[in-house]
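To start, the structure under review is shown below, and the notes come after it.
The values are calculated or read from the model by the stated rules, or taken from the named source; none is laboratory data. All values derive from a computational prediction rather than experimental measurement. Positions of Cβ are generated from backbone atoms using ideal geometry, with glycine treated the same way; all protein chains shown enter the neighbour counts.
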Amino acid sequence: MDTVAIAAKGISVSVDLAVGHLADMTVDIDGRRLKPLHRAPWVGEPRETLPKDLPEGTVHLSGDFLCAPFSVSDVEAAPLHGWPANSRWDVVDSAATADGWRAVFRLQRPVMGATVDKILTLRDDHPFLYQEHVFSGGAGVIPVAHHPMTVMTAGGRLAFSPKRLAATPNEAPEPDPARGRSLLAYPARSTDLTRFPAANGGTIDLTAYRMDQEREDFVTLVEADHGGPGWTALARQAEADLVLVLKNPAELPVTMLWVSNGGRDYAPWSGRHRGVLGIEDGRTAVGHAASLGDNWLKREGVATAFALSEGRSFSFRHVIGALPWPSGEPRDVTTSPGRMRILAADDAVRDIVFDSDFLRIGRSVPA
């Protein structure tokens, strides 16, 4: 694997340049070494043992990557999740800073005519990766999403910033029982994340990741208006840590959850992709054409793409972090200048260093 690594005090990240995926992320904190991100079990296996038509992004599936578009590329021809997730990136710059490390990567292929840059920043003693993607030039409209994946050996508990509703698409990821299984109802929606309609007529708690539920499911959460950062926190039970994913809701108004727990029986998944959760913050519907058309999110007043324009650029930011956590999901996550405060279910408080200015909460975002 052709990777490049960057590091600051207490944190390191490596990037798979073949596809721009984060190949690994390590956080050293409180005497522990945490690895919040997932790598598919087939990564590194001989290519000839994998299906010939498998997209390169799935061959290298790991960590986090940029989707542009998210899901099906049915406007500009490209593999699943677009060229940013499936083709080569170059290192433009990588150097130490006064308080950490900053690296810039550029996608070799244009997206709808736009140049795409990935900027990764690590700060000394911050247990967070700060990411920014910049699209320059081009024409048309492009939906985008991050695709961070974590993995658990014994499940975990989820908590979120306030969400307006959760909804599944029209069709399940695995509707054919000969190939796999999904447990949520499709289509369905709920304003109660602990009681989402299930395919069997009952309900499923979206805040609980259970290892005994073999399934492949996908659900979109729409951010409520609350004035703060959007966040997802996953307390991994066996790992005894907290994985945190943060965004600016004005930039990325939806969070899509991909539950992949032994729910696909065909290669390369073959029932071995277990305990994986994708926490996919985006400005998108499912698919490029769907994001441009009259989709259900637009009818809810939610933006599903950015406009490209020659001579102009836009960017969006994202944060991934991890810290030790005894048990149970947090009750709340708030930020103040230079800090993040996490409130536990037992009212215990954890304060950690955080670049509270990075997400630019409150700035206006062009459509």
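Please specify each residue of the stretch 175-197 satisfying the condition of being in a strand (DSSP E or B) and surrounded by 20 or more Cβ atoms within 10 Å (Cβ to Cβ). Spell out how you get there, then give the answer.
Keep residues of the stretch 175-197 that are in a strand (DSSP E or B), which gives 180, 184, 188-190, 196-197.
GLY180, LEU184, PHE196 - these are the residues of the stretch 175-197 that are in a strand (DSSP E or B) and surrounded by 20 or more Cβ atoms within 10 Å (Cβ to Cβ).
Looking only at residues in the stretch 23-59 that are of a type in the set (Lys, Arg) and assigned to a loop (DSSP other than H, G, I, E, B), which one is nearest to MET152 (Cα to Cα)? Walk me through it before giving the result.
At the first step, the residues of the stretch 23-59 found to be of a type in the set (Lys, Arg) are 32-33, 35, 39, 47, 52.
Right, trim to assigned to a loop (DSSP other than H, G, I, E, B) and you get 35, 52.
Working: LYS35: 11, LYS52: 29 Å.
Looking at the filtered set, the residue picked out is LYS35.
Among all residue pairs at least 6 apart or on different chains, which show Cβ distances below 6 Å where the first residue, located in the stretch 28-56, is in contact (Cβ under 8 Å) with a residue 24 or more places away in the chain and the second is among the acidic types (Asp, Glu) and surrounded by 10 or more Cβ atoms within 10 Å (Cβ to Cβ)?
Note: pairs meeting the criteria are LEU34/ASP241.
With respect to GLY275, determine if the residue is on the phi < 0 side of the Ramachandran plot and buried (at least 19 other Cβ atoms within 10 Å of the Cβ). Steps first, answer last, please.
Numbers: on the phi < 0 side of the Ramachandran plot: no; buried (at least 19 other Cβ atoms within 10 Å of the Cβ): yes.
No.
If I ask for residues that are farther than 15 Å from PHE65 by Cβ and part of a strand (DSSP E or B), which ones from the stretch 130-153 would you list?
Within the stretch 130-153, TYR130, VAL134, PHE135, SER136, GLY137, GLY138, ALA139, GLY140, VAL141, ILE142, VAL151 meet the criteria.
Which ones in the stretch 57-75 are within 23 Å of PRO36 (Cα to Cα), among the aliphatic types (A, V, I, L, M) and surrounded by fewer than 22 Cβ atoms within 10 Å (Cβ to Cβ)?
Within the stretch 57-75, the first condition is being within 23 Å of PRO36 (Cα to Cα), and the residues that meet it are 57-67, 70.
After this cut, where a residue has to be among the aliphatic types (A, V, I, L, M) as well, the list is 59, 61, 66.
The answer is VAL59, and nothing else.
How many residues are surrounded by fewer than 21 Cβ atoms within 10 Å (Cβ to Cβ), farther than 30 Å from THR334 by Cβ and touching a residue at least 60 places away in the same chain (Cβ under 8 Å) when one looks only at the stretch 237-272?
Total meeting the criteria: 5.
Report whether or not ALA348 is modelled with pLDDT under 95, surrounded by 14 or more Cβ atoms within 10 Å (Cβ to Cβ) and small (Gly, Ala, Ser).
Numbers: modelled with pLDDT under 95: yes; surrounded by 14 or more Cβ atoms within 10 Å (Cβ to Cβ): no; small (Gly, Ala, Ser): yes.
Answer is no for this residue.
Do any strands (runs of 3 or more DSSP E) entirely within the stretch 249-367 hold 2 or more residues that are hydrophobic (A, V, I, L, M, F, W, C) and over 16 Å from the mean Cα position of the chain (by Cα), and if so, which?
Numbers: elements: 254-261, 276-283, 306-324, 332-336, 339-343, 349-353.
So the answer is 306-324, 339-343, 349-353.
Only residues that are on the phi > 0 side of the Ramachandran plot and surrounded by 18 or more Cβ atoms within 10 Å (Cβ to Cβ): list them for the stretch 114-138, please.
Taking the stretch 114-138 first, the residues on the phi > 0 side of the Ramachandran plot are 125, 137-138.
Matches in the stretch 114-138: GLY138 only.
If I ask for residues that are free of Cβ contacts under 8 Å to residues at least 60 places away in the same chain, surrounded by 15 or more Cβ atoms within 10 Å (Cβ to Cβ) and either of a type in the set (A, V, I, L, M, F, W, C) or touching a Leu at 6+ places or on another chain (Cβ under 6 Å) (or both), which ones from the stretch 199-212 would you list?
ALA199, ILE204, LEU206
Would you check which residues across the stretch 139-174 are charged (D, E, K, R) and either buried (at least 18 other Cβ atoms within 10 Å of the Cβ) or at pLDDT below 95 (or both) and list them?
To start, the set of residues in the stretch 139-174 that are charged (D, E, K, R) comprises 157, 163-164, 171, 174.
Hits for the stretch 139-174 are ARG157, LYS163, GLU174.
Can you find even one residue in the stretch 293-301 that is surrounded by fewer than 23 Cβ atoms within 10 Å (Cβ to Cβ) and touching a Phe, Trp or Tyr at 6+ places or on another chain (Cβ under 7 Å)?
no
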